[in-house]
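Visitor: Take a look at the following structure, please.
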Amino acid sequence: MKCNNLNYYFFDRLKCVEQNLYAYKKDMNPERMHILRVEIKKVKGLISFVECTCKEKNDINKLKPLFKEAGDIRELEINILLLSALPQLPEELIIQLEEKEKILVQQFIANNAQYIDSVQRFREEISLPNWLPDEKTIKNYFKKKISKANNKLPSNDRIDMHHFRIEIKEIMYVYNALPKKLQKSVKLNKTYIDKLQIKAGDWHDTYVAIDYLSQQQFPQQVDEYISKLNEKESNQFNELLQYRKKHENAMIK
């Protein structure tokens, strides 16, 4: 079977990254930072798939500076929104973060042409196979990825849960890039995994928020808010862990 569909999907992701780079320079829409990072994650997932199934290696390092700088800006944007919603507004800290964000955005825009060039050079140098691997190879790929994800779950470790979340994201990135016929053959339980991703994402948002807020100096009223967040995170984590264990073999239909 030809790999045309996979190739189209892959290069469309890079095109989306490039389009958002051009657009961000004009409108500085914060959502573009999120889109950029998601699309690069998809590219990374597909490269991993090609390397595992076709033994074709590609170096994604050219996109790392773009991914990191977009992530730094995105993190600041999220933290500013988080702090703005606190019961006792920490205005001084918000102003500091907004100034830091402004500097990073200016640097990002100044490097915009360089980032676009890195995406274009990466696209020109990428080497993808002309054919998809056979059905058996593709099925084995998903079995191994699911097994690797599941191995993160026996402990109650938050880092393991974070890695589990990354693994299932990559599984879905590759699955969504496959032709419909192969998706049916893989028999991935997309409905279940989508629900799992939502639960994992909600937990991770709370977990990251606590990690950030705990490093700041706040008045007692805000400390009480963080305490409530800790309780929420614990409930989310336990619910996620129980949900996954209850449906331990549910990723494949």
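The values are calculated or read from the model by the stated rules, or taken from the named source; none is laboratory data. Remember, it's a predicted structure, so these values are computed and weren't measured experimentally. Methodologically, a virtual Cβ is constructed for each residue, glycine included, from the backbone with ideal geometry; neighbour enumeration extends over all protein chains shown.
Visitor: Collect the residues in region 26-46 that are part of a helix (DSSP H, G or I), more than 15 Å from the chain's Cα centre (by Cα) and surrounded by 15 or more Cβ atoms within 10 Å (Cβ to Cβ), keeping them in residue-number order.
Guide: Within region 26-46, no residue meets the criteria.
Visitor: Could I ask something else about it? Please specify each residue of region 3-28 satisfying the condition of being among the hydroxyl-bearing types (S, T, Y) and either modelled with pLDDT of 95 or more or touching a Phe, Trp or Tyr at 6+ places or on another chain (Cβ under 9 Å) (or both).
Guide: Selection gives Y22, Y24.
Visitor: Could you run through region 195-253 and say how many residues are more than 26 Å from S84 (Cβ to Cβ), more than 20 Å from the chain's Cα centre (by Cα) and at pLDDT 90 or above?
Guide: 2
Visitor: Considering (1) touching a residue at least 40 places away in the same chain (Cβ under 8 Å); (2) over 30 Å from E92 (Cβ atoms), say which one Q221 fails and leave the rest.
Guide: All conditions pass for Q221, except number (2).
Visitor: Is it true that some residue in region 150-171 is under 27 Å from I60 (Cα atoms), of a type in the set (S, T, N, Q) and exposed (fewer than 14 other Cβ atoms within 10 Å of the Cβ)?
Guide: yes
Visitor: Select from region 193-235 the residues that are among the charged types (D, E, K, R) and in contact with an Asp or Glu (Cβ under 9 Å, 6 or more places away or on another chain) and list them in ascending order.
Guide: Within region 193-235, K199 is the sole residue that qualifies.
Visitor: Just give me the residues in region 84-102 being hydrophobic (A, V, I, L, M, F, W, C) and surrounded by 11 or more Cβ atoms within 10 Å (Cβ to Cβ), in sequence order.
Guide: L86, L89, L93, I94, I95, L97
Visitor: A follow-up question, please. For region 139-186: of the residues being closer than 21 Å to S48 by Cβ and assigned to a loop (DSSP other than H, G, I, E, B), which is modelled with the lowest pLDDT?
Guide: Among residues in region 139-186 that are closer than 21 Å to S48 by Cβ and assigned to a loop (DSSP other than H, G, I, E, B), the one modelled with the lowest pLDDT is L153.
Visitor: Which members of region 185-207 meet the condition of being in contact (Cβ under 8 Å) with a residue 60 or more places away in the chain, within 23 Å of H162 (Cα to Cα) and not polar (S, T, N, Q)?
Guide: L188
Rundown of residues vs (1) touching a residue at least 40 places away in the same chain (Cβ under 8 Å); (2) in contact with a Phe, Trp or Tyr (Cβ under 8 Å, 6 or more places away or on another chain), yes/no style:
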site	(1), (2)
E101	no, no
L104	no, no
N111	yes, no
Q114	no, no
D160	no, no
E167	no, no
Y175	no, yes
P179	yes, no
Q183	no, yes
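Visitor: Name the one entry in E124, E69, E92 that is in a helix (DSSP H, G or I), charged (D, E, K, R) and more than 24 Å from D12 (Cβ to Cβ).
Guide: E92
Visitor: With respect to L241, is the statement that it is within 30 Å of L128 (Cα to Cα), in contact (Cβ under 8 Å) with a residue 60 or more places away in the chain and out of contact with any helix residue (DSSP H, G or I) (no Cβ under 6 Å at 6 or more places or on another chain) true?
Guide: no
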